[in-house]
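Some notes on the structure that comes next.
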Amino acid sequence: MTNELSWWKTAVFYQIYPRSFLDTTGNGIGDLEGIRKKITYLEQILGIDAIWISPFYSSPMKDFGYDISDYTDIDPLFGSLEEFDQIIIAAHQAGIKIIVDLVPNHSSDQHKWFLESRSSRENPKRDWYIWSDPKPDGSPPNNWLSVFGGLAWEWDEPTGQYYLHSFLKEQPDLNWRNPKVQEIMFDVVRFWLERGVDGFRIDVAHYLMKDPELRDNPLNPDGGKFIHKSLGEYDTQKHLYDKGHPDNHQVYRDFRLILDEYSTDQPRMSMGEIHIFDLPEWTSYYGKDLDEINLPINFSLLGVDWEADKIRDQVESLEKNLPDGAWPNYVLGNHDDQRIITRYGEDQARTAAMLLLTLRGTPILYYGDEIGMSDVEIPLEKLQDPAGLRQPGQGRDPNRTPMQWSAAPWAGFSAPETKDLWLPLMDNYREINVENQLDDPLSMLSFYRELLSIRKTHQALQSGDYQTIPDSPPGCYLYLRENRQERILVALNLKDDESMIKLSYGRNGKFLLSTYGDQKDSIPESYNLRPHEGVIILL
């Protein structure tokens, strides 16, 4: 029964990239007050249960907030702690949970901790970061690479050592083997829990503990997979020693104890960004006794070819490898990856949404996907993302552009008199926007609203069992979601031609939703799926 499940198991999560959601100050950059103003949209228009807000902390913005100079304060660009508190109040009054980003692997090089650490080898905070002597020839301690290109070591001339940065050199890695680092970072967790947050999304959660011997990574002659697109030089190594050390698990067991301390009224939870594609290793982050991360984020569908058999194989593999009692989750878009329409095309965008919101587990949506926003081609002079500036073609700016609220100037994202936005808008924002789509029953927004409503009103889709239909027609993916009260068939046609399905799974069905937007009261024992059509049928 749904009421036996923690809220985060039946919730739909919605990621907000705050720079791009709504600008209330006229500087062309979104802010916290913009999020608060749209709580009603999220509650009443969409029916979202939880918001994950990407970083808003004090930061020099070398990596747009993932380089933090103060973990317990808000960057003035986004607002203030008081404005954050108002988001908590408004969201909770609307029945919406708040998840914030936690970035524990690295700080900004402008953080007071690092400024002290690099001031001298004798400073008490020297060991708060990962420093190492050069090899006898003066070269870095090992061959580790930065995700953003180049070596992961930066030479510090005044102290004569290298420091580790898994990402930008302005993002030095914290030394999680130092108990004082663990203590102060867990105090950061408590600070935000005290302010009322309901959970954390942990950035690069598997990076914290590295090999204590700092051994070289072996070469990877076959290339690799980190996210859905190659990271070039980074993929030339097998990253055995620069992340993912088994000692990570004790960190997350200790982290979970803190969450449990604050779960007397309602469960507090964690999601972990873990780009690991070996399922047994990935599932290990749930913990042997499900005592680590509640939801290691599952990125498996982002890299799979959009073919029925391959998608089914990914889902089946996940279901088979989950530890007993572990809860699955799925994501098809976020601030690091191409948008759904860009990846799969307009014909399959609705089918992809239906898949995401009907599989067993917690779905995570990305702002703007509900209106069909696509990646935006960013002119060279407008590029912002350090990954794209350092490695052409690898930038994430195209999928981080401002939310399109209306056909007004700047798509209603900012005031008409604003001089410019931090990133360009889609050219078609006058057609692709919330206001235009609200009253159009065939719009992408109307489809998402109906899909979310069906999920909310049918417990089988929230908490029911999953069972694949083994004799699905070629190019189609059919599965059942069922509990004691109801049985629901989801049928997805992922090809360009029609395909007949037979409802020999119980009885005639009641037609709940089609990606084509038309409705039927009931359907007979067979149904002709149209090209790229997905349907939900109550059997």
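The values are calculated or read from the model by the stated rules, or taken from the named source; none is laboratory data. Since the structure is predicted, the reported quantities are computational estimates derived from the model, not experimental observations. Don't worry about glycine lacking a Cβ; one is built from the backbone with ideal geometry, like all the others, and counts go over all protein chains shown.
Observations, loosely collected:
- Restricting segment 110-123 to residues that are of a type outside the set (Gly, Ala, Ser) and touching a Ser or Thr at 6+ places or on another chain (Cβ under 9 Å) leaves a set whose member that is surrounded by the most Cβ atoms within 10 Å (Cβ to Cβ) is 111.
- Of the strands (runs of 3 or more DSSP E) contained entirely in segment 432-539, those carrying at least 1 residues that are charged (D, E, K, R), at pLDDT 95 or above and buried (at least 22 other Cβ atoms within 10 Å of the Cβ) fall at 476-482.
- Options 13, 21, 56; residue that is closer than 14 Å to residue 422 by Cα, crowded, with 20+ Cβ neighbours inside 10 Å and touching a residue at least 24 places away in the same chain (Cβ under 8 Å): 21
- Filtered residue count, segment 444-478, keeping only those that are under 25 Å from residue 49 (Cα atoms) and touching a residue at least 40 places away in the same chain (Cβ under 8 Å): 21
- Candidates in segment 131-152 are the residues that are within 18 Å of residue 63 (Cβ to Cβ) and in contact with a Leu (Cβ under 9 Å, 6 or more places away or on another chain); of these, the one that is surrounded by the most Cβ atoms within 10 Å (Cβ to Cβ) is 152.
- The residues listed here are 88, 98; of these, the one that is of a type in the set (Val, Ile, Thr) and either under 30 Å from residue 420 (Cβ atoms) or touching a helix residue (DSSP H, G or I) at 6+ places or on another chain (Cβ under 9 Å) (or both) is 98.
- Whichever residue in segment 144-186 is of a type in the set (Ser, Thr, Tyr) and within 24 Å of the chain's Cα centre (by Cα) and, among such residues, is nearest to residue 211 (Cα to Cα): 166
- For segment 311-322, a tally of residues being surrounded by 13 or more Cβ atoms within 10 Å (Cβ to Cβ) and without any contact (Cβ under 8 Å) to a residue 60 or more places away in the chain returns 5.
- Selection status of residue 29, in a loop (DSSP other than H, G, I, E, B), of a type in the set (A, V, I, L, M, F, W, C) and touching a strand residue (DSSP E or B) at 6+ places or on another chain (Cβ under 9 Å): no
- Inter-residue pairs, beta-carbon under 7 Å, first in contact (Cβ under 8 Å) with a residue 12 or more places away in the chain and in segment 512-527, second among the acidic types (Asp, Glu) and surrounded by 11 or more Cβ atoms within 10 Å (Cβ to Cβ), 6+ apart: 513/450; 514/533; 515/533; 516/533
- Subset tally (residues that are in contact (Cβ under 8 Å) with a residue 40 or more places away in the chain, farther than 18 Å from residue 299 by Cβ and over 20 Å from the mean Cα position of the chain (by Cα)) for segment 262-282: 3
- Just one residue in the set 67, 63, 75, 31 is free of Cβ contacts under 8 Å to residues at least 40 places away in the same chain, surrounded by 21 or more Cβ atoms within 10 Å (Cβ to Cβ) and within 22 Å of the chain's Cα centre (by Cα); that residue is 75.
- Residue match in segment 397-406 (condition: among the hydrophobic types (A, V, I, L, M, F, W, C), touching a Pro at 6+ places or on another chain (Cβ under 9 Å) and outside any helix (DSSP H, G or I)): no
- Number of the condition not met by residue 155 [criteria: (1) assigned to a loop (DSSP other than H, G, I, E, B); (2) touching a residue at least 12 places away in the same chain (Cβ under 8 Å)]: (1)
- Checking each residue in segment 142-152 for being touching a Ser or Thr at 6+ places or on another chain (Cβ under 7 Å) and either in a strand (DSSP E or B) or modelled with pLDDT under 95 (or both) picks out only 147.
- Scope segment 367-396; condition under 23 Å from residue 442 (Cα atoms) and in a helix (DSSP H, G or I); matching residues: 369, 370, 371
- All conditions in (1) under 25 Å from residue 196 (Cα atoms); (2) surrounded by fewer than 21 Cβ atoms within 10 Å (Cβ to Cβ); (3) of a type in the set (A, V, I, L, M, F, W, C) hold for residue 271, with the sole exception of (2).
- Restricted to helices (runs of 4 or more DSSP H) entirely inside segment 306-366, those with at least 2 residues that are more than 17 Å from residue 447 (Cα to Cα) are 308-321, 340-344.
- Within segment 286-300, the set of residues being in a helix (DSSP H, G or I) and in contact with a helix residue (DSSP H, G or I) (Cβ under 7 Å, 6 or more places away or on another chain) comprises just one member, 300.
- Any pair with Cβ under 6 angstrom, 6 or more apart, that starts in segment 100-117 at a residue that is touching a residue at least 24 places away in the same chain (Cβ under 8 Å) and ends at one that is of a type in the set (Ser, Thr, Tyr) and surrounded by fewer than 22 Cβ atoms within 10 Å (Cβ to Cβ): 108/69; 110/69; 111/69
- Here residue 503 does not fit the description of being aliphatic (A, V, I, L, M) and under 27 Å from residue 344 (Cα atoms).
- Listed conditions (1) hydrophobic (A, V, I, L, M, F, W, C); (2) in contact (Cβ under 8 Å) with a residue 12 or more places away in the chain; (3) surrounded by fewer than 18 Cβ atoms within 10 Å (Cβ to Cβ) are all met by residue 405, apart from (3).
- Complete set of residues in segment 252-263 that are under 18 Å from residue 180 (Cβ atoms) and either buried (at least 19 other Cβ atoms within 10 Å of the Cβ) or modelled with pLDDT under 95 (or both): 255
- Here residue 400 fits the description: basic (Lys, Arg) and more than 30 Å from residue 322 (Cα to Cα).
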